[in-house]
Amino acid sequence: MTMASASANPPVPLGRRVKRFMSDYPVIPLIVLLVVLVVILQLIRPGIVNERWIANTIKFAIPLALLAGCQTMAMLTGGIDMSVGTVATISAFVMATQVVSIDPASAILLSLVPAVIIGAVNGIGVGIFRVHPLVMTLGTGLVGFGVLQVYQRTVIATGSDIPDFLAWLGTGLTYGVPNALLLFVPIAALIIFTLKYTGFGRLLYAVGDNERAAKLSGVSYWKVIVTLYVASAVLAGITGLLYVGLIKAPSLTLVEPLLLPSVAAAVIGGTSIFGGRGGYTGSIIGALILTVMTTMLTILQMPEGARRILFGLIVLFVTAAYIRIVEDR
Amino acid sequence: MTAYIRRNSWVIGLFALFVTLLVFTKIIQPDYDAGDFGSLVRAALPFAFAVAAQSIVIIAGGIDLSVASMMAVTSVTAAVLMNGASEEFALVAVPLVLAMGFCLGAVNGILIVVTRVPDIVVTLAMLFVLEGVALLILGSPGGAAANWLKVMIVGTVAIPGVLAAITAWIPNALIVLLVSVALVWIPLKRSRLGLSIYAIGSSQLAAFRSGVPVSRTKILAYALAGLFAAMGGLSLTMSTGIGAPIPGPYLMASVAAAVLGGVILGGGRGGIVGPIVAVFILRLVRTDLTLLSVDPNATTIIEGTIMVVVVMLGAYLALRARSR
Amino acid sequence: MNALLDASGVAKSYGAVAALRNASLSVRPGEVHALMGANGAGKSTLVKILTGAVQPTAGRILIRGEQRSVGSPGEARRAGLLPVYQEPSLIPDLDVLQNLRLTQTPVEPFRDWVRELGVPALDLKDLARDVPLAIQRVLDLARALAVEPEIVILDEMTAALPADLAERVLDVVRQQGRSGRSVIFISHRFVEISAICDRATVLRDGETVGVVDIVPGVEEQIVELMLGEKIERRRRTTGPVSDAARPSDARPRISVRNISVGTKLHDVSFDLHDGEVAGVVALEGQGQDELFAALAGAARLSGGTIEVDGETLTMSHPRHAIDKGIALVPGDRAEALLMQRPVRENIALPFSAPLRRWGPIDMRRESEKVLGAIERLQIDTRAQGEVQRLSGGNQQKVTIARWIAADARTILCFDPTRGIDVRTKQEIYRLLRELAAQGKSILFYTSELEEVQLACDRAIVIFGGRVVDVLPAEIADEAALTRAAYGLARDAEADVGVLAQHPGTAGASP
């Protein structure tokens, strides 16, 4: 094809510059949105925004933000992990029932084993067999749920317990600051560091942006994908442990309600569901926005149905808007 | 004839597997009779419609994650419409619900074509939205169904000239299923639209060059899927007599049964008969596991594993086909 | 003379890029009309416009003197214009009969044409995907002929056909002309064109530059039209690379022996030495893509061997080639770049690929290497952020910089100068020469023939999947290369036509 040579640096129109700014720094408009939401909340119900409310919001946003971390990493490669709800629940449930008979450290280690297995199966299915990630992870989630049901019957007599330090971590406050941050801050730092400053992080972006280019540069797709889904499952397992410390009542559907919001948090946070673009900071703010929004909808007595509709519309709207922004050629 | 057998070998094999399973069931449980078979079909009904919906969309090269939610919406709509209404009103309610399904499906298709967001994301978003809509229509399981609808899928009907022993094995639910699927599928398969659906799934570029209106065909494929999902929703209301706003396990089951039934993820290949037979096989496996007194919870695992393995197999086959 | 089809002033641009500037094409009733042009002259774009697959930005299309808009393939069909594309357009998962129904083609005429075209036993119930590719193309043609279109457009119709089928196809095309219908015939093969065509329209750089009657000896005139003033320019170009290190007699860096890839590349052998830039010249789709992919470990060989530094290599993944220092710069930048990622990550991508480099990145060392490469190629990184915001030339530089930073010993450059500005082109030639001077080896496919003398030591010419000639740079001017690329023998120098008047062009070397 004959092409006219593209001039080196044409002036960039304002509209496009705004678009570029939005896609380069999605965190800034997100923070603005978060602040606006908090202000609205304060206006609706004056006095609600206080120290206690903030601590509470953070406490509930943390598990969501952790699961959104799983989605962020998976989405960077163009995937998604729908098994994280089940994985987190399994870990929580196994830990809570095992801790009755063995020491907490072993119980926690044991509880992460199913996570690793499910993650590996996900990775093999997606990375080697090339099953669509969504279908694959929904499927392993289903199997995992079945296993959990069977497991529940075998331990039905043992009862369950939550180790004190998990409860302390999940619900406790120190000088008004949630203890959960002790777990969350290092994990978040690790994820952000991994994505930005390690070879593995680079490859997540690379295979998601252009699998062919990554391959031509010598990258083995399946190795990246298997590692990713195992990491995602382990993170989900840890989230489950934290969440059971927060809720204190292990059940078969403990973490399931966080699954769809975790996808929404990552999408709102500016991570592209097609891969190659995004970051974890946005997802954390996305999780905070969703938590604040949930409070708001509860205060407005908005029914559960309306909330789900809103989630759906947000995901659709953000993705469609994202496509418009990316078509910046 | 041999060409016909060769081309439909997968479906024929599935039939054989199904019959073998039936015989096996009769052996491990000599009491298994026509009545049990009837309830099997009744239980399979919503699954069968879900997989019909999923198959059309997959054949057209897409995927519909909102199928279970759409069934929930149509089911509660039917239950609410018929709640306290006269028996005759159901005659209005049923077409209304079917039309609603058709339109909701079309919305999926239109959103995909207009926003250019990939189908997997659009239908995921619609999954949330429709779940919400179902909950808004009916906060908790409730509503009612017209009596004649409920009766329609129970028992058998005597066919003149055929032995009662045979008609006993043809439950009404099966007739309802076959008639409603055939009413849509047979004319479709014979029409240019049907060919076009296969064409866009097989090769969008070749289809475009053959003069197929790609966007319109895609929208119609989703709309037809919506129609089948509405049938599934109605069948739920018919068998339970109420509407339940929480979607059942139909999404994963529909994808797995479609793949097991010979529909290739990626589009262009397969039909609707194979997947429906696959649904029956999966239900019968469940029955057999129960009869073998396997822990009913383990049944979920085995079923799930079959589905995962089948989907992996399907993806693997698609991969091989592509690299060929 | 009343033209059946008359297209004039047709233009098409994609954004700022013009694929077609001012093309015209006039086809008379009962005529077999050749459409010719070098790579990228705009033939396929013009075909797509005539058949409704693409909308023109400007221009007028008259059919039988009436203005028609061909907004979709369906409309073109109704207007009597039917294409047979290079890639078969049968739906692979439908059987032949269903394919006919889909396009509303009558079955009996189709059967007649199939018989006429000499297709052995065909079951209409066979799935299209089970029909061999060559037969599919013929079926495509039969399907087009069955609706008795006024104009059939054949795009490289005989390219993938075995000789007997090709013969029958040419026969049918000729008869088609005699029966008063018209054919637009696109081909790179002069033999076919002189055998069946009446006239030819020649495109160059998106413009129609001439319409000629096909008479004996017209080949040279067509070649000249395709090349344009370039012949004049060529004479001013001085000898290019005489100072370059000549390939030594030492062991070759890569030696390719009798390799075949699928149906596209057959029995190709050549050596690539350290310190050499070897050009590869071919018309579109002659197997060069497969050759480069095979050398880069991205396509499997169906025969032959590739030796690197004297060691036979079996590669199933590009990383095997990269381990040996062989890297591919693909022709399509979209295939090489992480468009949403910054320049730095793009250049550093190969560093992270091996498992042992998955850990924390030594940012300082990376910066050094990346900046070194950026400086060497003078990439303009003012447009910070995503690579997709760089100009085409700078994007191309990034794809090469990646392998400079990774210090690859052999770089396979596939048409790296396509669609970029002149200055950047010059920079790339200079870079390739510098690399060769440092002892690296480069295989350089180019669709712009003049580049061979600007950058290469010799040119390997491929036609129909085989190496047909190897020309030293001194004599590899555009005219010589064009002839070779069209499969015309080297010694069959023109004694008629314009080329003959410039003895200095073809035979510049002693």
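Every read-out reported here was derived from the displayed coordinates using simple, explicitly stated rules and does not represent laboratory data. In this text the structure is predicted, and so the values were computed from the model without any measurement. Note that we place each Cβ from the backbone using ideal geometry, even for glycine, and neighbour counts take in every protein chain shown.
Most fluctuating residue of A:Ser217, A:Ser111, A:Ser283 in a GNM of chain A with Cα springs under 10 Å: which is it?
Of A:Ser217, A:Ser111, A:Ser283, the most mobile in the Gaussian network model is A:Ser217.
Find the Cα radius of gyration of region A:233-328, compare it with 2.2 N^0.38 Å by division, and give the number to two decimals.
1.20
Can you quote the Å³ per residue value for the convex hull of the Cα atoms in region C:306-388, rounded to an integer?
Hull volume normalised by residue count: 140 Å³.
Nearest 20 debye, what's the magnitude of the dipole of the protein assembly as shown about its Cα centre given +1 on Lys and Arg Cβ and -1 on Asp and Glu Cβ?
That gives a dipole near 1680 debye.
Enter the per residue convex hull volume of region B:1-145, computed from alpha-carbon coordinates, in Å³ rounded to the nearest integer.
In region B:1-145, the Cα hull volume divided by residue count equals 184 Å³.
Highest first, please rank the peptides B:27-38, B:197-208, B:243-254 by the mean number of other Cβ atoms sitting within 10 Å of their residues.
B:197-208, B:243-254, B:27-38
Placing unit charges on C-beta atoms (Lys and Arg positive, Asp and Glu negative, everything else neutral), compute the dipole magnitude of region C:56-176 about its Cα centre in debye, rounded to 20.
Dipole of region C:56-176, to the nearest 20 debye: 420 debye.
Run the helix sum for the protein assembly as shown: -39,500 (n - 2.57) per DSSP H stretch of 4+ residues, divided by residue count, reported at 222 nm to the nearest 500 deg cm²/dmol.
Value at 222 nm, helices only: -18000 deg cm²/dmol.
With point charges of +1 on the Cβ of Lys and Arg and -1 on the Cβ of Asp and Glu, referenced to the Cα centre of the protein assembly as shown, which listed residue (C:Ile63, A:Val219, B:Leu224) lies farthest in the positive direction of the dipole?
Going by the Cα projections, it comes out as B:Leu224.
For labels at B:Arg116 and C:Lys125 in the simple 7 Å Cα→Cβ model, what's the distance in nm?
4.4
Which one of B:Ala182, B:Leu291, B:Val279 is farthest out on the positive end of the charge dipole of chain B, using unit charges on Cβ (Lys, Arg +1; Asp, Glu -1) and the Cα centre as origin?
B:Ala182
So what are the radius of gyration and Dmax for the Cα set of chain A, in Å?
In order Rg, Dmax, the Cα atoms of chain A give 20.9, 76 Å.
Peptide B:291-301: average number of partner chain Cβ atoms within 10 Å per residue?
That works out to 4 on average.
In whole Hz and in residue order, list the ³J(HN,Hα) couplings for region A:282-289 that follow from phi through the Karplus curve 6.51 cos²θ - 1.76 cosθ + 1.60, θ = phi - 60°; x for Gly and Pro.
Values per residue, Gly and Pro as x: x, 5, 4, 5, x, 5, 5, 4 Hz.
Counting trypsin sites (Lys or Arg not before Pro) as exposed when in a DSSP loop with at most 14 other beta carbons within 10 Å, what is the longest stretch of chain C free of them?
With trypsin sites (Lys or Arg not before Pro) excluded where exposed in loops, chain C gives C:126-299 as its longest stretch.
Which value results when the Cα radius of gyration for region C:360-456 is divided by 2.2 N^0.38 Å?
Here the answer is 1.10, to two decimals.
Run the quick spin-label model on C:Glu148 and A:Leu181: label points 7 Å from Cα toward the beta carbon, then report their separation in nm to one decimal.
My value for the distance between the label points is 8.5 nm.
With only alpha-carbon atoms in the gyration tensor, what are the semi-axes of the equivalent ellipsoid for region C:265-423, in Å, largest first?
28, 20, 14
With every atom except the alpha carbons ignored, what do you get for Rg and Dmax of region B:261-324, in angstroms?
Cα radius of gyration and Dmax of region B:261-324 are 14.2, 45 Å respectively.
What is the Cα coordinate range of the protein assembly as shown on the first, second and third principal axes, sorted by size from largest, in whole angstrom?
99, 83, 58
Considering only C:Ala3, B:Thr305, A:Val292, whose Cα is most displaced toward the positive end of the charge dipole of the protein assembly as shown, charges sitting on Cβ of Lys, Arg (+1) and Asp, Glu (-1)?
A:Val292
Wrap a convex hull around the Cα atoms of region C:139-202, take a quarter of its surface area, and give that in square nanometres.
4.2
For chain C, give the magnitude of the charge dipole about the Cα centre (Cβ charges: +1 Lys/Arg, -1 Asp/Glu; no others), in debye to the nearest 20.
I would put it at about 1360 debye.
When the Cα centres of region C:114-158 and region A:215-251 are compared, how far apart do they sit, in Å?
52
How high is the FRET efficiency between B:Ser39 and A:Arg52 when r is their beta carbon distance and R₀ equals 60 Å, given to the nearest 0.05?
0.65
With 10 Å bins from zero, work out the P(r) of region A:4-159 over every alpha carbon pair and list the percent per bin.
So the P(r) values, bin by bin, are 9, 23, 22, 23, 16, 5, 2, 0.
Between A:Val32 and C:Arg257, how many nm apart are label points set 7 Å from Cα along the C-beta direction?
6.7
For chain B, what is the Kirkwood hydrodynamic radius in Å, using each pair of distinct C-alpha atoms?
20.2
Using only Cα atoms, what is the ratio of the radius of gyration of chain C to 2.2 N^0.38 Å?
Rounded to two decimals, the normalised Rg is 1.04.
Test of the criteria: in region B:49-121, which chymotrypsin sites (Phe, Trp or Tyr not before Pro) are in a DSSP loop and have at most 15 other Cβ atoms within 10 angstrom of their Cβ?
B:Phe89
Give the whole-number value, in cubic angstrom per residue, of the convex hull volume spanned by the C-alpha atoms of region C:82-235.
About 130 Å³ per residue, rounded to a whole number.
Only Cα pairs under 8 Å and at least 6 apart count here; give the relative contact order of region B:228-322 as a rounded whole percent.
Normalised by residue count, the contact order of region B:228-322 is 27 percent.
By the gyration tensor of its Cα atoms, with a ≥ b ≥ c the square roots of the eigenvalues, what is the shape of region B:206-324: rounded for a/c under 1.5, prolate for a/b over b/c, or oblate?
Oblate is the answer for region B:206-324, as a/c is 1.5 or above yet b/c matches or exceeds a/b.
P(r) for region C:387-444, please, calculated from all Cα pair distances in 5 Å bins and given in %.
Taking all Cα pairs of region C:387-444, the binned fractions are 4, 18, 31, 26, 14, 5, 1 percent.
To the nearest whole number, what is the average tally of beta carbon atoms from other chains within 10 Å of the beta carbons of peptide C:75-86?
What the average comes to for C:75-86 is 1.
State, in angstrom, two size descriptors of region B:132-284 derived from its alpha carbons: Rg to one decimal place and Dmax to the nearest whole number.
Gyration radius and largest Cα-Cα distance of region B:132-284: 18.3, 54 Å.
For region B:135-185, what is the convex hull (Cα atoms) projected area averaged across all directions, in square nanometres?
It is 5.6 nm².
Any chance you could check the Cα centroid distance between region C:315-332 and region B:14-39 for me, in angstrom?
57
Throw me the Rg/Rh for region C:277-339, computed over C-alpha atoms with Kirkwood Rh, two decimals.
Answer for region C:277-339: 0.97.
Restricting things to alpha carbons, find the Rg to Rh ratio for region C:1-90 using the Kirkwood radius for Rh.
Taking Rh as the inverse mean 1/r over Cα pairs, Rg/Rh reads 0.94.
At 1.567 mPa s and 4 °C, plugging the Kirkwood radius over alpha-carbon pairs of region B:95-200 into Stokes-Einstein gives what diffusion coefficient in µm²/s?
73
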